Amino acid sequence: MLIQEIQFMARIAVSIVLEAAPFLLLGSLLSAAIERYVDTERIGRRIPKGPLGRMAVGLLGGMLMPICECGSVPLARRLLGKGVPPLTAVTYMLAAPVINPVVLLSTYVAFGGNMKMVLSRALVVAVSAALTGWLCARRISSNGQSDSIQPLAGADLTHPHPHAGQPIAAGGRYRWAVVDLLSSGAAEFLDMGKYLVLGALTSAAFKVFLPWQLVQVLGGNAAISVAVLMLLAVLLCVCSEADAFVAASFVYAPPSAQLAFMAVGAMVDLKLVGMYFSAFPKKIAWMLIVVPLVCVFGLSNLMFLLVG
């Protein structure tokens, strides 16, 4: 019996990695492209100076450039290295996996066309992401951004990587531009990939050995249900494109708990925790974990009080 459970756990872990790896690879390639081809000065001129404007740019970026949570961390770190304000980059990192057309459509389908749930999910995530971004930006500004955000080992966030070789011009183009881009993207993918694998293994272990009967017993209390489903979202590491269907399957839980499951999972789960501590200083990483958890818990329970 134990051997069968371990085999089942291994299959779950592999499926999580296979589901998330393409999005992590996409985020790594996008971050490498930003490193090389995005004009830092132009970014600085176009992003508003006020906090509300910077929040709005981060949220709008999440709608226009959708990316899974697995790829949002390396991309956000690269944006910070290219001069994007921390408030904009962090808001985008947390909001983009949810407030994009693909995920909102999946939520609409999973809940049978319930627009209230779709809008509630988008609102809770947007508010949590903006508040977290504001607090992290204040912390980064007080310490100095260059001291707070650590680059990849052996990498320079503002200059091309030397290991890919110097590009050779031919007919007005660079022959090795694509090779250089892929090389840098692969390096970042491997740097973040180990945390994805670790999170997938831990998530699979909880999914196999967690006593689901206990979850059902706790479903009778709204506040406890919110806390329990938030914990499950952190442990199960379900991708944001699929978590709405998982949340909808918790038919015994109130809507506020289902909302909390969908909102927190895209901002804080086991694989993201490892990525946060790899990409950011410890104090910033803790803020990226604690603030969204508190926001989602409070906003989800507020929804229960307002709409039942």
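The values are calculated or read from the model by the stated rules, or taken from the named source; none is laboratory data. All of these numbers come straight from a predicted model, not from anything done at the bench. When we count neighbours, we look across all protein chains shown, and the Cβ atoms used for this are built from the backbone with ideal geometry, even at glycine. Remember, those area values only see protein heavy atoms, side chains included, never the ligands or the DNA or RNA. Shrake-Rupley method; radii C 1.70, N 1.55, O 1.52, S 1.80 Å.
Here's the yes/no breakdown for (1) at pLDDT below 85; (2) more than 25 Å from R78 (Cβ to Cβ); (3) not in a helix (DSSP H, G or I):
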{"position": "V215", "(1), (2), (3)": "yes, yes, no"}
{"position": "V226", "(1), (2), (3)": "no, yes, no"}
{"position": "F245", "(1), (2), (3)": "yes, yes, no"}
{"position": "V251", "(1), (2), (3)": "yes, yes, yes"}
{"position": "V273", "(1), (2), (3)": "no, no, no"}
{"position": "F277", "(1), (2), (3)": "no, no, no"}
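So which of L210, L198 ends up being at pLDDT 75 or above and under 29 Å from P22 (Cα atoms)? Walk me through it before giving the result.
Values: L210 fails: at pLDDT 75 or above.
Of L210, L198, the one residue that is at pLDDT 75 or above and under 29 Å from P22 (Cα atoms) is L198.
For A186, all conditions in the list (1) within 24 Å of L299 (Cβ to Cβ); (2) at pLDDT 70 or above hold save one; what is the number of the exception?
In the conditions (1) within 24 Å of L299 (Cβ to Cβ); (2) at pLDDT 70 or above, A186 misses (1) alone.
Which count do you get for residues in region 15-28 that are in contact (Cβ under 8 Å) with a residue 60 or more places away in the chain and either open to solvent by 50 Å² or more (accessible area, probe 1.4 Å) or over 20 Å from M275 (Cα atoms) (or both)?
Adding up the residues that qualify gives 3.
Restricting attention to region 32-51, does a residue exist that is at pLDDT 85 or above, surrounded by fewer than 20 Cβ atoms within 10 Å (Cβ to Cβ) and part of a loop (DSSP other than H, G, I, E, B)? If you could, list the steps in order and put the result at the bottom.
Narrowing region 32-51 to residues at pLDDT 85 or above: 50-51.
Of the ones still in play, those that are also surrounded by fewer than 20 Cβ atoms within 10 Å (Cβ to Cβ) are 50-51.
Then drop every residue that is not part of a loop (DSSP other than H, G, I, E, B), which leaves 50.
Within region 32-51, one or more residues are at pLDDT 85 or above, surrounded by fewer than 20 Cβ atoms within 10 Å (Cβ to Cβ) and part of a loop (DSSP other than H, G, I, E, B).
Do you know which residues across region 258-308 are within 18 Å of D191 (Cβ to Cβ), among the aromatic types (F, W, Y) and open to solvent by 30 Å² or more (accessible area, probe 1.4 Å)?
Within region 258-308, just F277 meets the criteria.
If you check every pair at least six apart or on different chains, which have Cβ atoms under 6 Å apart with a residue in region 242-267 that is closer than 16 Å to G298 by Cβ and without any contact (Cβ under 8 Å) to a residue 24 or more places away in the chain first and a residue that is of a type in the set (G, A, S) and part of a helix (DSSP H, G or I) second?
Close Cβ pairs satisfying both conditions: none exist.
Could you list all residues from region 98-108 that are surrounded by fewer than 21 Cβ atoms within 10 Å (Cβ to Cβ) and in contact (Cβ under 8 Å) with a residue 24 or more places away in the chain?
Looking only at region 98-108, we keep the residues that are surrounded by fewer than 21 Cβ atoms within 10 Å (Cβ to Cβ), and these are 101-102, 104-106, 108.
Within region 98-108, P101, V102, S106 meet the criteria.
Show the residue pairs that are 6+ apart or on different chains and have beta-carbon atoms under 7 Å apart, the first residue being within region 64-87 and in contact (Cβ under 8 Å) with a residue 12 or more places away in the chain and among the small types (G, A, S), the second being outside any helix (DSSP H, G or I) and surrounded by fewer than 24 Cβ atoms within 10 Å (Cβ to Cβ).
Note: pairs meeting the criteria are G81/I149; G81/P151; G81/L157; G81/T158.
So how many residues does region 59-98 have that are in a helix (DSSP H, G or I), modelled with pLDDT of 85 or more and not hydrophobic (A, V, I, L, M, F, W, C)?
Summing the residues that are in a helix (DSSP H, G or I), modelled with pLDDT of 85 or more and not hydrophobic (A, V, I, L, M, F, W, C) in region 59-98 gives 4.
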